[in-house]
Amino acid sequence: MMLESFYLMIGKITVYFFLIAAVTTIFIAIFVIHSFRTGSFPFPNVVLSGILVLEGSIKALFRLFKVDDSIVDDVVIRLRNKVSLKRFKGLPFEKKSIFLPQCLRSVNCPAKLSPEGIQCINCGRCKIGDAKKKLESSGYRVFVVPGSSFIKRMVEKYRPEAILGVGCISEVKDGMDLCHRFGVPAVAIPLDTDGCISTELDWDVFYNTTKADKIASES
Ligand code: SF4
């Protein structure tokens, strides 16, 4: 009899658990769509934690209703940006690293690969050379990323206190998750066009973000 009550209780707890998870999933999915459409992100830390715990079921729900599930990644990136931007802006340039994707390079890029990434020689064929020169003279450590494992290696080697990453949505989302595991605040700027070569970036947004220390100290 006691065993029956015990199994009954476990059954009830399981049903309640799945009910709460299902309701929370639906609630967060609605919130994600609302945030994506309006650009409004209230309670970013709470919502971010909810999305990360229920990410699989939220994306499954999106797919069930034939909604593009990359919206979830997009909203996670914007939430993480909202959480980390102030910290990123407030740190001195020397404590921050910037990771640019190699797909931003010209197809005729003459740069060679090294253990520290693609070694840009500022040949003028793309905007990376000029950006790298300006940012490094300010104190930033700037890398042109040759592959996905590179960021982890450089974070372990140089231990930056904050990171700015540029890339396609899935790449920057994975990069931000990695930084979160390392406890390093990360902000990201998704590329305007995805692809493996000659991708495009909104350089105004990029320079505004990298110059943000001044804005933070002035306010
Ligand atoms: S500026 Fe640098 S990254 Fe761009 S094409 Fe030239 S060497 Fe390559």
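Figures for the structure shown
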quantity	calculated
Criterion: touching a strand residue (DSSP E or B) at 6+ places or on another chain (Cβ under 9 Å) and either within 16 Å of the ligand (Cβ to nearest atom) or on the phi > 0 side of the Ramachandran plot (or both) - qualifying residue of Leu164, Leu191, Leu178	Leu191
Lone qualifier among Leu178, Leu100 - being touching a residue at least 40 places away in the same chain (Cβ under 8 Å) and of a type in the set (A, V, I, L, M, F, W, C)	Leu100
Cβ-Cβ under 8 Å pairs, at least 6 apart or on other chains, the stretch 141-154 side under 20 Å from Arg181 (Cβ atoms) and in the same structural domain as Gln102 (by TED's automatic domain parsing), far side part of a loop (DSSP other than H, G, I, E, B) and among the charged types (D, E, K, R)	Phe143/Glu116; Met154/Glu116
When residues of the stretch 134-146 are limited to those that are touching a strand residue (DSSP E or B) at 6+ places or on another chain (Cβ under 9 Å) and of a type outside the set (A, V, I, L, M), the one most open to solvent (accessible area, probe 1.4 Å)	Arg141
Test: Ser35 is farther than 30 Å from Val145 by Cα and in contact (Cβ under 8 Å) with a residue 40 or more places away in the chain	yes
Among (1) in contact (Cβ under 8 Å) with a residue 24 or more places away in the chain; (2) closer than 14 Å to Gln102 by Cβ; (3) open to solvent by 30 Å² or more (accessible area, probe 1.4 Å), the one test that Val166 misses	(3)
Every residue from the stretch 111-123 that is within 6 Å of the ligand (Cβ to nearest atom), closer than 19 Å to Ile197 by Cβ and open to solvent by 50 Å² or more (accessible area, probe 1.4 Å)	Ile121, Cys123
Filtered residues of the stretch 83-110 (kept if within 16 Å of the ligand (Cβ to nearest atom) and over 17 Å from Met154 (Cβ atoms))	Cys103, Leu104, Arg105, Ser106, Val107, Asn108, Cys109, Pro110
Filter result (acidic (Asp, Glu) and more than 23 Å from Ala162 (Cα to Cα)) within the stretch 41-82	Glu55, Asp68, Asp69
Residue within the stretch 26-46 that is touching a Gly at 6+ places or on another chain (Cβ under 8 Å), open to solvent by less than 50 Å² (accessible area, probe 1.4 Å) and more than 28 Å from Gly195 (Cβ to Cβ) present	yes
Selection count, the stretch 82-124, where residues are assigned to a loop (DSSP other than H, G, I, E, B), of a type in the set (Lys, Arg) and farther than 8 Å from Val144 by Cβ	0
Contacts under 6 angstrom Cβ, first residue in the stretch 190-204 being over 10 Å from Pro101 (Cα atoms), partner open to solvent by 40 Å² or more (accessible area, probe 1.4 Å) and part of a helix (DSSP H, G or I), 6 or more apart	Pro190/Ile169
Boolean, Glu136 is among the acidic types (Asp, Glu), within 16 Å of the ligand (Cβ to nearest atom) and farther than 20 Å from Met176 by Cβ	yes
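The values are calculated or read from the model by the stated rules, or taken from the named source; none is laboratory data. Just so we're clear, the structure is a prediction, and the values are computed from it rather than from any experiment. Note that we place each Cβ from the backbone using ideal geometry, even for glycine, and neighbour counts take in every protein chain shown. The protein model used for the area step is the full one, side chains on, heavy atoms only, and it has no ligands, DNA or RNA in it. Shrake-Rupley method; radii C 1.70, N 1.55, O 1.52, S 1.80 Å.
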